[in-house]
Amino acid sequence: MRSDYWDQPAFETIRPRRLVAPVVFNSPHSGRVYPERFLAMTRLDHLSIRQSEDAWVDELFARAPHLGAPMLRAHFPRAYLDVNREPWELDPTMFVEPLSDRFNTTSPRVAAGLGTLARVVAENKPIYRERLTLDDATMRIEGIYHPYHAALQRLLSEAMSAFGVALLIDCHSMPRIQRAQDKAAPDIVLGDRYGTTCAPGLVDLVETIFTSAGLNVARNRPYAGGFATRNYGRPQHGVHALQIEISRHLYMNEVTLTQNEGFEAIRALIDRLIFALVGIDLVALAAGQPGLARAAE
């Protein structure tokens, strides 16, 4: 089966002119290039199908390559393929053929309709008119998913080779979370898989940057980090991974997906974050020692 992206890139690696830091930025859910074939397969209108996007997150972090750190970003949409899942995390009800034991068909993500190929978008709206074939899944996973992760692994390996340490910042957005009783709703959620994928001092640094801007920050609830954070974060081997979720209401209209009056302020704050991260004391990070906060000054 010919790729739906045969005539355009499915994703893009944006490299700095000179690599100055071991930080890699990844925006896997901000893609907004919808293939015509895919749109013909969906029962949803063009705005509804976009409700799963982390819209504009790649633009919020766009300064990273200018400040010396590479960025990997998807052009394919999350509703088409989710690279923040295991490679074969598939819902058997979506396919014409039966799925063998080699597929993960029983994960909580599959049960929610949000596997590698999603069954639904936000608000539990079914995506497809008809069931898919396994050839379709193979085309997306072998042709895009695996090359995407190979590109991400290459960037992390280059950072390790150059600096002896690497840091993955997985960039996401989240629907606005409603305030719970007397607790303020978080504007930012930092996910480090409950302290297992990233040096604590680094997470403290990122939290300080956001809280100093007056934002409420939570850790690991309700988002502890997805496949990329879990798969790549190995602090004991010098590779750290942190997922950042930004509440969409801060920078865009969640219904129309258009940027709102807060967009430039959030982008300026993300610029501060990037500048701080590329200025981290590498020796302190590798050793897990305090002192990272100097980068926030």
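Read the figures in this text as sums done on the coordinates, not as results from a lab. Keep in mind that what you see is a predicted model, and the values were worked out from it rather than measured. So basically every Cβ, Gly included, is an ideal-geometry build from the backbone, and we count neighbours across all protein chains shown.
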Separation of the residue 97 and residue 67 label points, Cα + 7 Å toward Cβ, nm: 4.6
Per-pair calculated FRET efficiency, R0 = 25 Å: residue 221 and residue 48 via Cβ, rounded to 0.05: 0.35
Rg(Cα) / (2.2 N^0.38 Å) computed for segment 193-246, rounded to two decimals: 1.12
Potential lengthening between residue 129 and residue 39 on full extension [0.36 nm per residue; Cα-Cα distance subtracted]: 31.4 nm
Acute angle (nearest 10 degrees) that the helix 146-163 long axis makes with the longest principal axis of the chain, alpha-carbon atoms: 10
Cβ-based exposure ranking for 78, 43, in which fewest neighbours within 10 Å come first: 43, 78
Relative contact order computed over the chain (Cα-Cα under 8 Å; 6+ residues apart), in percent: 20
Exposure proxy order (Cβ contacts within 10 Å, fewest to most) of 212, 247: 212, 247
Projected label distance in nm at residue 236 and residue 157, using a 7 Å step from Cα toward the beta-carbon: 2.3
Built amide H within the under 5 Å cut-off of residue 95, gap 5+: 132
Orientation-averaged projected area, Cα convex hull of segment 79-142 (nm²): 4.0
Integer Hz, Karplus 6.51/-1.76/1.60 couplings in order for segment 56-68, x for Gly and Pro: 6, 4, 4, 6, 4, 9, 5, 6, 3, x, 5, 9, x
Projected area averaged over orientations for segment 24-135, convex hull of C-alpha atoms, nm²: 7.7
Whole-angstrom Cα spans of segment 1-41 along principal axes, big to small: 44, 18, 15
Residue exposure sequence - 172, 240, 146 - by fewest surrounding Cβ within 10 Å: 146, 172, 240
Alpha-carbon Rg with Dmax, taken over the chain, Å: 18.9, 57
Residue 184 paired with residue 17, simple spin-label distance in nm, labels 7 Å along Cα-to-beta-carbon: 4.0
